[in-house]
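Below is one structure, written out as structure tokens; the observations come after it.
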Amino acid sequence: MNAGTRLLPCLVALATLATTCVCSHLAEPNPVRASGPVPQWKNDWSRGAVFYEVFVRSYYDSNGDGIGDLKGLIAKLDYLNDGKPQTSSDLGVDALWLMPIFKSPSYHGYDALDYRQVNPDYGKNADMELLLKEAHRRGIRVILDLVMNHTGSDHPWFVESSSSPASARREWYVWSKTDPGWMPPWGGTNQTWHPKNGYYYYGVFWSGMPDLNYRTQAVRKEMKLIAKYWLGKGVDGFRLDAARHLIENGAGQSQVDTPETHAFWKELSTHVRKVKPEATLVGENWTDTPIIATYFGSTAVVKGGDEFPMNFDFPLASSIIQGVNASRATGIAAKIAEVKSLYPAGSTDAPFLTNHDNVRLATQLGANTGKLRNAAAILLTVPGSPFVYYGEEVGVQNGTTSGDEAKRTPMPWDASDKGGFTTGTPWYQFAPGKETANVALQKNDPSSLLAMYRNLIAARKRSTALTKGGIELLTATTGASSVLAYVRTDGAERVLVAHNLSDTFAVGGPYAISATTAEKLFAYPSVTNPTGGPGSWSIALPPRATGVWRME
């Protein structure tokens, strides 16, 4: 097929817009063709690993300026994982996801000004290298938030691009002579095209975040070099922000999930597997399960997926919270069944409860201890690699304002005025409830929420079925059951998991499991072992209780 034939479908579909464009951002890109053997992932460490999302600004301040920093995070690594399997005082996480750490004009960092420079608020590049060294010494992997869809509007690339239509970097961003008038693909009336020096540039989120133009080969090359730079420094992979939005083909839903977007992610995936096959990628695709499933790509040629080996499971997160709140297990079961039926064979789910874009879990669940335990127990026993948002393990609530800052408040290490977070003035006020939702109060209490997280994560590590196994649902996907039960299986190991999502006593079963004994891996103190026998096991569960048993 010659170049003209290859471009024809795109040009016909966008005939109206093409007449307004001052650059070739609507032409189909020419991805680099792979040659030789297809590189494979060697990131088995990430399958079943427990990840912990950290907002560095809010985690721990080492120098008293009120802003969390990389040295502060280093100081708290032993809380996360001390690298000593024989101890039980650490949380036991396997990996960290750091929200953006690059130089940025904002508190949140999703508008980078320099992808190779650490935000001075957080320290220096040398501090990042020390963090990687100290984390790896403890067996903790580290992935970075890499925002590839857009830069900040003050990024030198955009300043140059916007200076003139003749700029050498003009085609690094998406420009038009007139306003095409597209609305955001998620709805609403916000503008996606913004005026600048007599032209319009595309920024799907807002004017301060102009979209990069991935139809320009120089952009593709530069962003792959940035990924290579950080992988070379020891980073273990990337969380890829706004992955659905990379390359747009027109208005409405043509701004998301385009074939060209998938093609670039496959290109990046190949690049990462060549540079550091031990690394991993996690896609942020905030949409429905059938679309999320496409972002794994093919698992036939590349084990784990030739696009993203992990994708965040937004629908499951919503289902867990709704089900726990409503004391209804069947909706969660239905979502687990949907994932199982639609995700490609060999893919790894990335379940979570909330993240930096969501109202905090404790607030959504009314700070109800039983519900918080339910949600945590489900998260840490379903298939995949679970992600825990910092502070979730002690029940941190949302802040009192409506802004995103309220979802990202300082970590309460103790109940003092400054929360043990800083010796100065915290960059933002603490969320309500830190008198009880803090590490100091819970760390030595065997009945605390923090202790439950520790114990469940430890139980996962004692079971390959829980970390890497498949799932067989025992709860129906319709009806009104309050007991969520399933069997996790890996080889000969089978693990029975049961959660009571109600505030009253409940019985699960009988379940047709051909086992003769039940060995407890984790259970609330008030939970007794399953009763019955081969082919007919039942479980008596107190309110909001969970039990996990190895069935032999």
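Regarding Thr478, is this residue open to solvent by 40 Å² or more (accessible area, probe 1.4 Å), more than 25 Å from the chain's Cα centre (by Cα), among the hydroxyl-bearing types (Ser, Thr, Tyr) and within 25 Å of Thr330 (Cβ to Cβ)? Yes.
Restricting segment 274-321 to residues that are out of contact with any Gly (no Cβ under 6 Å at 6 or more places or on another chain) and of a type in the set (S, T, N, Q), the residue that is nearest to Asn374 (Cα to Cα) is Ser318.
If I go through segment 509-531 residue by residue, how many of them are small (Gly, Ala, Ser) and surrounded by 12 or more Cβ atoms within 10 Å (Cβ to Cβ)?
Looking only at segment 509-531, we keep the residues that are small (Gly, Ala, Ser), and these are 509, 512, 514-515, 518, 523, 526.
Remaining after also requiring surrounded by 12 or more Cβ atoms within 10 Å (Cβ to Cβ): 509, 515, 518, 523.
Residues that pass the stated criteria total 4.
Note on segment 446-507: enclosed strands (runs of 3 or more DSSP E) holding 2 or more residues that are among the β-branched types (Val, Ile, Thr) are 483-490, 493-500.
Exactly one residue out of Asp145, Asp127, Asp121 is under 30 Å from Lys76 (Cβ atoms), open to solvent by 10 Å² or more (accessible area, probe 1.4 Å), of a type outside the set (A, V, I, L, M) and not in a loop (DSSP other than H, G, I, E, B): that is Asp127. Out of all the residues in segment 55-82, which are more than 16 Å from Asp414 (Cβ to Cβ) and either without any contact (Cβ under 8 Å) to a residue 12 or more places away in the chain or open to solvent by 40 Å² or more (accessible area, probe 1.4 Å) (or both)? Across segment 55-82, the qualifying residues are Ser62, Asn63, Asp65, Lys71, Asp78. Looking only at residues in segment 96-118 that are touching a residue at least 60 places away in the same chain (Cβ under 8 Å) and over 22 Å from Ala406 (Cα atoms), the one that is surrounded by the fewest Cβ atoms within 10 Å (Cβ to Cβ) is Arg116.
Looking at segment 179-198, which of its residues are farther than 17 Å from Asn249 by Cα, open to solvent by less than 60 Å² (accessible area, probe 1.4 Å) and in contact with a Pro (Cβ under 8 Å, 6 or more places away or on another chain)? Across segment 179-198, the qualifying residue is only His194. Residue count for segment 246-261 under the criterion of being assigned to a helix (DSSP H, G or I) and more than 18 Å from Thr151 (Cα to Cα): the result is 5. For Ser514, the criteria (1) touching a Pro at 6+ places or on another chain (Cβ under 8 Å); (2) modelled with pLDDT of 95 or more hold in every case but one, which is (2). The condition of being in contact with a Phe, Trp or Tyr (Cβ under 8 Å, 6 or more places away or on another chain) and either closer than 23 Å to Asn455 by Cα or of a type in the set (Val, Ile, Thr) (or both) holds for only one of Asn311, Asn368, Asn374, Asn355, that being Asn355.
Residues in segment 297-309 that are among the aliphatic types (A, V, I, L, M) and in contact (Cβ under 8 Å) with a residue 60 or more places away in the chain: Val301, Val302. Determine whether Val548 is part of a strand (DSSP E or B) and open to solvent by 40 Å² or more (accessible area, probe 1.4 Å). No; evaluated as a whole, the condition is false for this residue.
Of all residues in segment 179-217, which are in contact with a helix residue (DSSP H, G or I) (Cβ under 7 Å, 6 or more places away or on another chain), on the phi < 0 side of the Ramachandran plot and not in a strand (DSSP E or B)? Within segment 179-217, Pro180, Trp182, Pro185, Val204, Pro210, Asn213, Tyr214, Thr216 meet the criteria.
Restricting attention to segment 314-353, the residues that are aliphatic (A, V, I, L, M), open to solvent by less than 20 Å² (accessible area, probe 1.4 Å) and either at pLDDT below 95 or under 26 Å from Gly391 (Cα atoms) (or both) total 10. The residues on offer are Ala506, Ala437, Ala458, and the sole one that is on the phi < 0 side of the Ramachandran plot, open to solvent by less than 50 Å² (accessible area, probe 1.4 Å), aliphatic (A, V, I, L, M) and over 28 Å from the mean Cα position of the chain (by Cα) is Ala506.
Taking segment 169-178 on its own, how many of its residues are closer than 13 Å to His150 by Cβ, open to solvent by 10 Å² or more (accessible area, probe 1.4 Å) and either modelled with pLDDT under 95 or in a loop (DSSP other than H, G, I, E, B) (or both)? Before you say what the answer is, go through the steps one by one.
To start, the set of residues in segment 169-178 that are closer than 13 Å to His150 by Cβ comprises 172-174.
Imposing the further condition that a residue be open to solvent by 10 Å² or more (accessible area, probe 1.4 Å) reduces the set to 172.
Still in the running and either modelled with pLDDT under 95 or in a loop (DSSP other than H, G, I, E, B) (or both): none.
Adding up the residues that qualify gives 0.
Across segment 310-356, the number of residues qualifying as assigned to a loop (DSSP other than H, G, I, E, B), without any contact (Cβ under 8 Å) to a residue 60 or more places away in the chain and of a type outside the set (A, V, I, L, M, F, W, C) comes to 6.
Taking (1) touching a Phe, Trp or Tyr at 6+ places or on another chain (Cβ under 6 Å); (2) of a type in the set (Ser, Thr, Tyr); (3) surrounded by fewer than 16 Cβ atoms within 10 Å (Cβ to Cβ) in turn, Thr409 satisfies each apart from (3). Checking each residue in segment 256-271 for being among the hydroxyl-bearing types (Ser, Thr, Tyr) and open to solvent by less than 10 Å² (accessible area, probe 1.4 Å) picks out Thr258, Thr261, Ser269.
So if I check each of Gly297, Gly305, which one is in a loop (DSSP other than H, G, I, E, B), open to solvent by less than 10 Å² (accessible area, probe 1.4 Å) and at pLDDT 95 or above?
Unique residue meeting the criteria: Gly305.
Applying the condition of being in contact with a strand residue (DSSP E or B) (Cβ under 7 Å, 6 or more places away or on another chain) and part of a helix (DSSP H, G or I) to segment 132-142 and asking which residue is surrounded by the fewest Cβ atoms within 10 Å (Cβ to Cβ) yields Leu132.
For Ser207, the conditions (1) under 16 Å from Tyr110 (Cα atoms); (2) open to solvent by less than 30 Å² (accessible area, probe 1.4 Å) are fulfilled apart from (2). Checking each residue in segment 272-289 for being open to solvent by 10 Å² or more (accessible area, probe 1.4 Å), closer than 17 Å to His245 by Cα and touching a residue at least 40 places away in the same chain (Cβ under 8 Å) picks out Glu284, Trp286, Thr287.
The values are calculated or read from the model by the stated rules, or taken from the named source; none is laboratory data. From a predicted model like this one, the values you see are computed outputs, not experimental measurements. Backbone-built Cβ (ideal geometry, glycine too); neighbour counts: all protein chains shown. When the accessible area is computed, the model is the full protein with side chains, heavy atoms only, and any ligands, DNA or RNA have been set aside. Shrake-Rupley method; radii C 1.70, N 1.55, O 1.52, S 1.80 Å.
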